[in-house]
Amino acid sequence: MGEHSVQHLPFPRIEPRTLHQEVAGRIREMISTGVLVKGQKISEKFLCDTMGVSRTPVRESLRILHSEGLVDLVPHKGAFVSRPTMKEICDLFEVMSVLEGTCARLAVQKMTTEALESIRSLHRRLETHYAHRDHKAYLDANHDFHVFIQELSGNPVLNDTINGLRQKILLYRHRQLYQPERFRQSIEEHRALLKALGSGDADRAEVLMKQHLLRQCEALVGLFPEG
């Protein structure tokens, strides 16, 4: 590909370090933003040309995404964006609601003044992005909020388990926020959760976090085929 063509690629070229991980990140973004849609065959050549990489890191990244449940690898046919059923998505949210609820309870039990101020700072970011109706920035701050609570729980096994599921759920967390009324509901749920975290109510924090995840799932009903 000539130099002139490279300057007009829709994505910047990727640095050699952790190449397949960065490629996987780009593909996740393409799926979450709808550039790649469910059931669509993923062209390795398109990804190579778009990102300026060889087929090796592309294939490694597709294997990563397959392990996360975002991509189906079909022998002799290639890679396809996964087509989850609503039941599969609900099962995922149900498990994550229990795990993140546990994180919230443990986080309260291990809360320090500094940690609580960090949580409040993250929540202020959510409020700012909500006020500006900036869905993408809100989602980024929301991710940071949930990861902080997860890490604050201080349980390495719980942390590893959630990390193994997080990429699967991120795509659907993004989509649910764009459903009618969901943006308002999300910030209200975060306000209630912040109050529980700040008051030291571990039981209520756990319940609210679980409800928060399950309501995200409810907002997705109708977007995916039943099964």
For segment 158-214, which residues satisfy the criterion of being within 16 Å of Ala137 (Cα to Cα) and not aromatic (Phe, Trp, Tyr)?
Leu170, Leu171, Arg173, His174, Arg175, Gln176, Leu177, Arg182, Arg184, Ser186, Ile187, His190
Mind telling me which of the residues His123, His143 ends up being buried (at least 19 other Cβ atoms within 10 Å of the Cβ) and within 30 Å of Glu188 (Cβ to Cβ)?
His123
Mind telling me which of the residues His143, His129, His123, His190 ends up being outside the structural domain of Gly25 (by TED's automatic domain parsing), more than 20 Å from Gly25 (Cβ to Cβ), assigned to a helix (DSSP H, G or I) and without any contact (Cβ under 8 Å) to a residue 40 or more places away in the chain?
His129
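Here is a yes/no grid of residues against (1) modelled with pLDDT of 90 or more; (2) hydrophobic (A, V, I, L, M, F, W, C); (3) surrounded by fewer than 17 Cβ atoms within 10 Å (Cβ to Cβ); (4) closer than 16 Å to Asp91 by Cα:
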{"residue": "Leu158", "(1), (2), (3), (4)": "yes, yes, yes, no"}
{"residue": "Pro180", "(1), (2), (3), (4)": "no, no, yes, no"}
{"residue": "Ala196", "(1), (2), (3), (4)": "yes, yes, no, no"}
{"residue": "Gln211", "(1), (2), (3), (4)": "yes, no, yes, yes"}
{"residue": "Gln216", "(1), (2), (3), (4)": "yes, no, no, yes"}
Total residues in segment 26-83, condition part of a loop (DSSP other than H, G, I, E, B) and surrounded by 20 or more Cβ atoms within 10 Å (Cβ to Cβ)
3
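Scan segment 159-181 and give yes if some residue there is among the hydrophobic types (A, V, I, L, M, F, W, C) and farther than 19 Å from Leu70 by Cβ, otherwise no.
Looking through segment 159-181, none of the residues is among the hydrophobic types (A, V, I, L, M, F, W, C) and farther than 19 Å from Leu70 by Cβ.
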Please verify whether segment 52-75 includes one or more residues that are under 27 Å from Asn142 (Cβ atoms), of a type in the set (Ser, Thr, Tyr), at pLDDT below 90 and in contact with a Pro (Cβ under 9 Å, 6 or more places away or on another chain).
no
It is to be established whether one or more residues within segment 151-158 are within 14 Å of His190 (Cβ to Cβ), in contact (Cβ under 8 Å) with a residue 40 or more places away in the chain and more than 15 Å from the chain's Cα centre (by Cα).
no
Breaking point among (1) within 15 Å of the chain's Cα centre (by Cα); (2) within 26 Å of Met111 (Cβ to Cβ); (3) of a type in the set (S, T, N, Q), for Gln167:
(2)
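Yes or no: segment 99-119 includes at least one residue that is of a type in the set (Ser, Thr, Tyr), outside the structural domain of Glu68 (by TED's automatic domain parsing), crowded, with 18+ Cβ neighbours inside 10 Å and in a helix (DSSP H, G or I).
Within segment 99-119, one or more residues are of a type in the set (Ser, Thr, Tyr), outside the structural domain of Glu68 (by TED's automatic domain parsing), crowded, with 18+ Cβ neighbours inside 10 Å and in a helix (DSSP H, G or I).
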Cβ pairs under 8 Å, 6+ apart, first in segment 84-96 and in a helix (DSSP H, G or I), second at pLDDT 90 or above and among the aromatic types (Phe, Trp, Tyr)
none
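The values are calculated or read from the model by the stated rules, or taken from the named source; none is laboratory data. This is a predicted model, so every value here is computed, not measured. For neighbour counting, all protein chains shown are included, and Cβ atoms are generated from backbone atoms with ideal geometry for every residue, glycine included.
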